Structure formats: structure tokens, C-alpha cells
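Notes for the one structure printed next.
The values are calculated or read from the model by the stated rules, or taken from the named source; none is laboratory data. Because the structure is predicted, anything quoted here is derived from the model rather than measured. No Cβ is skipped: glycine too gets one built from the backbone with ideal geometry, and neighbour counts run over all protein chains shown.
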Amino acid sequence: MKSSDILYILNPLANEGNASRQWRQLEKKYGLPKNPIDLTQVGNLTELIESSRPRMIVIAGGDGTVNSISKAILSLKHKPSLLVFPLGFGNALTYCFGTETPEKALYVMRNMPKEVTVDIIKTSIPELPIGIFTMGVGFDGQIVHTRMYHRYIGLRSYILATIRSYVTHVQKTFTITIDRKVTFTAHATALIVANAPTIGRNVILSEDAKMNDGLLNCTLFSSRYAYLTNLRIRGFKHPLYSEDNKVYFQAQHIHILGHQYAQVDGDPAVLTNPLEIELVKKQITFVTNKPEQIELPSLPFV
């Protein structure tokens, strides 16, 4: 691919503002462009991409940056493929696509071993209309909201937010309608909606989720305890892990009444209206690594 076919977009605010410094280091080491487009200085991102007509966009940022650029290209007739550089705090999607290190991302950019078109999560949340890999309602959403509200930073952020949320969280009644057909009510803590199997480095969220199977994998947790002991790392399960106190189902559309807090791809939202979640099939194309270089316990693609 010609260099003129690639559009480089950097979010300098990613990773607590460290993305610019990381990009400068990569630019010197690997000869990347000195002046990528600054996402924070772009007025209309969709118009910029449409006028540039790139074949591929290199996204230098985190999961929130990927979400923003995915949202911008959804309305385009000719959508460029996306390549994710790991310059964010969580970089969950880079582990799905096998670009979790700069070296792997550069290999993919230069060789383009594979492309995969994935589903997206469409939501009724005005400020977060789409999700790429996961969203949560209830305790999970409260953790993200608490982290952002109290401006916790670094590796301690989720630990501190989880402790605070664990103390203050109150169970509420979920009323969930699946695919506009089946409605049930449950006194529960959290609903996790997954479009990808992992979050971060081999942390398993929903091992059966695949990003292009046309289904959302959903897990309803009856308690905070069940939610916390569900987290698994490759080769390790929490000693108290159990299949009890969890309900699994798959859906293409979900209607939810109940909890106040939600998160979409790691960004928080406060719900004031019933929440609609819908899966839209095969919308965004990502450039990915060769399967043997995607170091996951289960691959995120069919």
C-alpha cells in the first residue's frame, strides 16, 4: 500500500495524555510520520476522512479513539480499513486484532496479512451511539463512572474504582426484553454485553463471543461477588469462580430498564431513559495479524 493511501490519526489525550510522547518515540525509531492528524483539532472527522479517501486509517490511541473513528466512518459509502496502534490505556482491541505492540502493528501495516469486517453494537445513548467490543449496565458501568468521576489514573484506577463502587453499589431490578420477544425481570447487579472475548491482555470476558457472528453474548450477574469472581486470566481462574449466580444468553436486540450506570467500550454514561442495544452486522473492517500471532486463548473471529 502506498503511503498516500494511509491516513494517520493521533489522539494526544490517550493514555492520560502520554500518547503524543509515545508517538514521537515511535516516529524516531521506526520512521513514522512526524505530523499525524491531531484528533482533538479536527472539526468534522467524517468530512476529513471522506475528502482524504484513504484506503487505511492508522489509529494511534486507545479504545475510545477507535470508537470515535469507527463512528465517523459508519456513514461513508467507501469505508477505509482500520489499523490500531496501542497508544491507549487499556488497548483491549489491539489484543483482539494482534497489534498489541508497536512492532506487531508495524508488521500488520506493512504486510496486511488479513482483514476482518466486524459487527458493531448500536445503543440508544446519545453520547455513545456505538460500541465495538463491550458494554455493561449496572455495577460494571458504575466502576467506569467512578474511575472517571474521581479521576483515578494509572494501574490503580480500576482497583480503587472497584472498591469504592463495591461499597456504594445497590442492586436494582432489571427488566430485559430479548429480541423483542421474551421479557424477564431479575434483581441483579450487572449485565455485560460482549462482542469480543477478551479485555486487555488475555483477561477473558466472554470466551464464546466472536466479533463477526451476528450475536451479542450477554451475562447477567446476580451479585457483585459473582461479577468479581468471574474475571479470568489465561491459565488462571479465580479460586472462587463458579457458574452459579450467572445467566447467559445471546441476542441481536436488547431492551433494558433498571440500572442508572452504563459503560460503552470503557466510556461511562448515566442512563435517564430505557436502554436499547442492537447488533448491526459486519460494519467496520480492521486489519489484523496472522492467527498464530494473535496470542489469545480463543480467537475473536469466526
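Scanning the range 197-220 for residues that are among the β-branched types (Val, Ile, Thr) and either modelled with pLDDT of 90 or more or surrounded by fewer than 18 Cβ atoms within 10 Å (Cβ to Cβ) (or both) gives VAL203, THR219. The set of residues in the range 1-41 being of a type outside the set (S, T, N, Q), over 18 Å from GLY88 (Cβ atoms) and surrounded by fewer than 16 Cβ atoms within 10 Å (Cβ to Cβ) consists of MET1, LYS2, ASP5, LYS28, LYS29, TYR30, GLY31, PRO33, LYS34. Restricting attention to the range 54-73, the residues that are free of Cβ contacts under 8 Å to residues at least 60 places away in the same chain, over 21 Å from ARG24 (Cβ atoms) and not polar (S, T, N, Q) add up to 4.
Of LEU128, LEU82, all but one fail to be closer than 20 Å to ALA194 by Cα, out of contact with any helix residue (DSSP H, G or I) (no Cβ under 6 Å at 6 or more places or on another chain) and touching a residue at least 40 places away in the same chain (Cβ under 8 Å); the exception is LEU128. The set of residues from the range 176-185 being surrounded by 13 or more Cβ atoms within 10 Å (Cβ to Cβ) and either over 25 Å from the mean Cα position of the chain (by Cα) or closer than 12 Å to LEU220 by Cβ (or both) comprises ILE176, ILE178. Hey, could you check the range 261-297 for residues that are basic (Lys, Arg) and in a strand (DSSP E or B) and say which is nearest to GLY98 (Cα to Cα)? Restricting to residues being basic (Lys, Arg) and in a strand (DSSP E or B), the top hit is LYS282.
Condition first: surrounded by fewer than 16 Cβ atoms within 10 Å (Cβ to Cβ) and under 14 Å from the mean Cα position of the chain (by Cα). Can you find one or more residues in the range 101-109 that meet it?
Filtering the range 101-109 down to residues surrounded by fewer than 16 Cβ atoms within 10 Å (Cβ to Cβ) leaves 101, 103.
From what's left, under 14 Å from the mean Cα position of the chain (by Cα): none.
Looking through the range 101-109, none of the residues is surrounded by fewer than 16 Cβ atoms within 10 Å (Cβ to Cβ) and under 14 Å from the mean Cα position of the chain (by Cα).
For the range 250-260, taking the residues that are assigned to a strand (DSSP E or B) and modelled with pLDDT of 95 or more, the one that is surrounded by the most Cβ atoms within 10 Å (Cβ to Cβ) is identified as ILE254. Is it the case, given these coordinates, that LEU279 is at pLDDT below 95 and among the aliphatic types (A, V, I, L, M)? When the stated conditions are applied, LEU279 does not pass them.
Of the residues GLY43, GLY88, GLY17, only one is free of Cβ contacts under 8 Å to residues at least 12 places away in the same chain, of a type outside the set (S, T, N, Q) and within 23 Å of VAL144 (Cα to Cα); which? Going through GLY43, GLY88, GLY17 in turn, just one is free of Cβ contacts under 8 Å to residues at least 12 places away in the same chain, of a type outside the set (S, T, N, Q) and within 23 Å of VAL144 (Cα to Cα): GLY17.
Could you say whether any residue in the range 148-166 is among the charged types (D, E, K, R), outside the structural domain of ALA72 (by TED's automatic domain parsing) and either touching a Leu at 6+ places or on another chain (Cβ under 7 Å) or under 27 Å from PRO86 (Cβ atoms) (or both)? The answer is yes; a qualifying residue exists.
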